[in-house]
Amino acid sequence: MRVLLIEDNPQLCATIRQHLTGEGFVVDVVQDGASGEALGYDPLYALAILDLGLPGYSGLQILANWRRARNPLPVIILTARNSWKERVAGIDAGADDYLGKPFHLEELTSRLRALLRRSHTKTQQGHLHVGPLTLDESRRQVFLGPDQTISLSAMEFKLLRCLLLHQQQVLSKETLYMHLYAEDAEPDLAIIETHVMRLRKKIGEEWIRTLRGQGYQLHVPEPGP
Ligand code: CA
């Protein structure tokens with residue numbers, strides 16, 4: 001699991017990173033808000049820890065921009081101690097949880113785990129819909145329209161799920177590979193092309209758009225006449 005940490009205090013960054021790394025997370029640290037905001041759109045991240053008090057660039061604004069762009073990234077905000085107004089503003093702007101500084105690293109880890117569990121459960125139990133396409137995540141079935149059931153391999157299902165969850169984004173082969181396979185595996189990008197080709201054959205060519213040199217994106221076809 002890769003976590004994005006946006007925090008301008010280098011000492012705190014180092015402490016959090018060290019602790020979370022020990023807990024099995026991969027942590028990317030960004031100390032300036034603009035880069036942090038841009039990175040937050042990368043679907044590689046399972047979660048962001050966002051400091052609201054960033055110099056020259058408000059953490060609250062980053063959060064508001066993400067949510068306006070329908071970026072579903074789970075976010076824990078770090079707020080100044082006793083600043084209940086900041087916490088309320090953060091939750092209103094779309095934060096999933098918050099921690100007041102100073103905090104215990106154990107509490108951060110436990111909130112982070114709980115949040116990951118919640119966001120995971122939400123997608124596991126529900127159905128994902130887009131246009132006429134429905135993914136039943138618990139039964140691992142895909143339906144196209146009211147009466148067509150499509151049978152997919154485990155990898156094809158994962159691939160389609162990933163494209164669906166990140167509809168607003170173009171996903172590179174590298175990104176898709178890291179979603180589908182263990183991080184330490186040697187990336188074999190040709191296998192992604194094969195999965196995409198097979199998936200297209202099953203759900204229809206028009207559903208997956210290729211953006212040359214960038215990657216793939218889900219595309220909801222116009223309804224036929
Ligand atoms: Ca700060």
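Taking the criterion of being farther than 18 Å from Leu108 by Cβ and open to solvent by less than 20 Å² (accessible area, probe 1.4 Å), would at least one residue in the stretch 82-89 satisfy it?
No, the stretch 82-89 contains no residue that is farther than 18 Å from Leu108 by Cβ and open to solvent by less than 20 Å² (accessible area, probe 1.4 Å).
Among Tyr45, Tyr57, Tyr41, which is the only one that is surrounded by fewer than 23 Cβ atoms within 10 Å (Cβ to Cβ), among the aromatic types (Phe, Trp, Tyr) and over 28 Å from Leu180 (Cα atoms)?
Tyr57
With the requirement that a residue be of a type in the set (D, E, K, R) and closer than 12 Å to Ile150 by Cα, what does the stretch 199-209 give you?
Listed by number, the residues that qualify are Arg200, Lys201, Lys202.
Restricting to the stretch 6-23, name every residue that is within 12 Å of the ligand (Cβ to nearest atom) and either open to solvent by less than 50 Å² (accessible area, probe 1.4 Å) or among the acidic types (Asp, Glu) (or both).
Matches in the stretch 6-23: Ile6, Glu7, Asp8, Leu12, Cys13.
In the stretch 203-225, which residues are open to solvent by less than 30 Å² (accessible area, probe 1.4 Å) and at positive phi?
Correct list: Gly204, Gly215.
When the stretch 139-153 is examined, which residues are found to be open to solvent by 70 Å² or more (accessible area, probe 1.4 Å) and small (Gly, Ala, Ser)?
The one that is open to solvent by 70 Å² or more (accessible area, probe 1.4 Å) and small (Gly, Ala, Ser): Ser151.
Within the stretch 1-24, how many residues are in contact (Cβ under 8 Å) with a residue 60 or more places away in the chain, closer than 27 Å to Arg70 by Cα and in a loop (DSSP other than H, G, I, E, B)?
2
Taking the conditions exactly as written (at pLDDT 90 or above and open to solvent by 20 Å² or more (accessible area, probe 1.4 Å)), does Ala64 satisfy them or not?
yes
For residues that are without any contact (Cβ under 8 Å) to a residue 40 or more places away in the chain, part of a helix (DSSP H, G or I) and within 16 Å of the ligand (Cβ to nearest atom), tally how many sit in the stretch 28-78.
Going through the stretch 28-78 one residue at a time, the tally reaches 8.
With the requirement that a residue be open to solvent by 50 Å² or more (accessible area, probe 1.4 Å), modelled with pLDDT under 80 and assigned to a helix (DSSP H, G or I), what does the stretch 162-187 give you?
Within the stretch 162-187, Leu165, Met178, His179 meet the criteria.
Kindly establish whether Arg198 is farther than 17 Å from Pro43 by Cα, open to solvent by 80 Å² or more (accessible area, probe 1.4 Å) and within 22 Å of the chain's Cα centre (by Cα).
no
The values are calculated or read from the model by the stated rules, or taken from the named source; none is laboratory data. In this text, all values refer to a predicted model and were calculated from it rather than measured experimentally. Methodologically, a virtual Cβ is constructed for each residue, glycine included, from the backbone with ideal geometry; neighbour enumeration extends over all protein chains shown. The area values use the complete protein model at the heavy-atom level, side chains included, leaving out ligands, DNA and RNA. Shrake-Rupley method; radii C 1.70, N 1.55, O 1.52, S 1.80 Å.
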